[in-house]
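Working notes, structure below.
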Amino acid sequence: MNARVILALTIAVGSLGFARADEKPGPAMDPQAKGFADWQQQLMKRFDADGDGKLSDGEKLAMQQAMTQQGWNLGIQPGGFPGEQQFLKQFDRNGDGKLDQMESMMAQQAF
């Protein structure tokens, strides 16, 4: 599978927790970005079983299985992708173990 597609999906999954109800709304998003953010929130609500704001390996596996049943083949192994920890070290500036919206945008610009 194309490495860029895998990277984009990893960024999407890794940044699922960036939008929380307790955070102040940022600047207005374009419709495509809003649709993507809404999709991320829906995925988080459905698969974040323990409600900690990030997906564990088991939650990622459940998401991957559900998406596979719907015909989506992300090509990402349960628990992340090879080099995920190094990727997070590079772009997770606040050290919370996930990419917020700004960190995700910086990662996308780097690639």
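The values are calculated or read from the model by the stated rules, or taken from the named source; none is laboratory data. Computed from a prediction, not measured in an experiment: that's the story for all the values here. In this analysis, Cβ positions are derived from the backbone assuming ideal geometry, glycine residues included, and neighbour counts consider all displayed protein chains.
A few remarks follow.
- Test: residue in the stretch 77-91 that is assigned to a loop (DSSP other than H, G, I, E, B), surrounded by fewer than 17 Cβ atoms within 10 Å (Cβ to Cβ) and at pLDDT 85 or above: no
- The one condition from (1) modelled with pLDDT of 80 or more; (2) more than 13 Å from the chain's Cα centre (by Cα); (3) not acidic (Asp, Glu) that ASN73 does not meet is (1).
- Within the stretch 46-58, being surrounded by 13 or more Cβ atoms within 10 Å (Cβ to Cβ) and within 17 Å of LEU99 (Cα to Cα) holds for ASP48, GLY53, LYS54, LEU55, SER56.
- Residue within the stretch 19-37 that is within 13 Å of the chain's Cα centre (by Cα), in a helix (DSSP H, G or I) and modelled with pLDDT of 80 or more present: yes
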